[in-house]
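Encoded as structure tokens, the structure appears first; notes follow it.
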Amino acid sequence: MARPWEADPSASFAHRLGRTAQELGLSQDEEYCPEMWQLDNGDVAVIGRDVTTDYAGRLPDGVKLAPDERLVVLPGSMLRAAKPDIPDA
């Protein structure tokens, strides 16, 4: 059965949401940093620490990860800094 939503790997990065990890004082290394980007199709790409294995046995009831999904964590301050870039529903 087809999923109602699939990631489109042909979508391009349109613009960063929020500020860089360096601007937030979260990283000194420009090569390996958490990021949030809006894609040109409106979807959002998140780069964070892969903690799938760490959380796999303790997900909340009703939360499931598909074999092709990963749970990533990024700093809360990064999401808060992106709030002005995220339109209201």
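Scanning the stretch 51-67 for residues that are outside any loop (DSSP other than H, G, I, E, B) and not β-branched (Val, Ile, Thr), which turns out most open to solvent (accessible area, probe 1.4 Å)? Step through it out loud before you land on a result.
As a first pass, look at the stretch 51-67 and keep what is outside any loop (DSSP other than H, G, I, E, B): 52-58.
Imposing the further condition that a residue be not β-branched (Val, Ile, Thr) reduces the set to 54-58.
Details: ASP54: 97, TYR55: 83, ALA56: 61, GLY57: 87, ARG58: 151 Å².
By that ranking, first place goes to ARG58.
Being in a loop (DSSP other than H, G, I, E, B) and free of Cβ contacts under 8 Å to residues at least 24 places away in the same chain, is that true of even one residue in the stretch 76-85? Can you show your working first?
In the first step, residues of the stretch 76-85 are kept if they are in a loop (DSSP other than H, G, I, E, B); the result is none.
Checked against the condition, which is being in a loop (DSSP other than H, G, I, E, B) and free of Cβ contacts under 8 Å to residues at least 24 places away in the same chain, the stretch 76-85 yields no hits at all.
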Exercise. Mind checking which pairs have a first residue in the stretch 52-68 that is without any contact (Cβ under 8 Å) to a residue 24 or more places away in the chain and a second that is open to solvent by 100 Å² or more (accessible area, probe 1.4 Å) and not small (Gly, Ala, Ser), Cβ under 9 Å, 6 or more apart or different chains?
Worked result: THR52/ARG70; ALA66/ARG3
Problem set entry | THR20 among the polar types (S, T, N, Q) and in a loop (DSSP other than H, G, I, E, B) | yes
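Does LEU26 meet the test of being touching a helix residue (DSSP H, G or I) at 6+ places or on another chain (Cβ under 9 Å), open to solvent by less than 80 Å² (accessible area, probe 1.4 Å), in contact (Cβ under 8 Å) with a residue 40 or more places away in the chain and of a type in the set (A, V, I, L, M)?
Spelling it out, LEU26 is indeed touching a helix residue (DSSP H, G or I) at 6+ places or on another chain (Cβ under 9 Å), open to solvent by less than 80 Å² (accessible area, probe 1.4 Å), in contact (Cβ under 8 Å) with a residue 40 or more places away in the chain and of a type in the set (A, V, I, L, M).
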Exercise. Of all the residues that make up the stretch 30-40, how many are open to solvent by less than 70 Å² (accessible area, probe 1.4 Å) and not in a strand (DSSP E or B)?
Worked result: 2
For this session: Run ASP85 past the list (1) touching a strand residue (DSSP E or B) at 6+ places or on another chain (Cβ under 8 Å); (2) at pLDDT 95 or above; (3) open to solvent by less than 70 Å² (accessible area, probe 1.4 Å) and report the number of the one that doesn't hold.
Result: (2)
Exercise. Regarding ASP50, is this residue of a type in the set (D, E, K, R), more than 21 Å from LYS83 (Cα to Cα) and at pLDDT 95 or above?
Worked result: yes
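The values are calculated or read from the model by the stated rules, or taken from the named source; none is laboratory data. The shown structure was predicted, so the numbers you read here are calculated from the model rather than taken from an experiment. Virtual Cβ from ideal backbone geometry, glycine too; neighbours counted across all protein chains shown. Heads up: the accessible areas ignore ligands, DNA and RNA and are worked out on the full protein's heavy atoms, side chains in. Shrake-Rupley method; radii C 1.70, N 1.55, O 1.52, S 1.80 Å.
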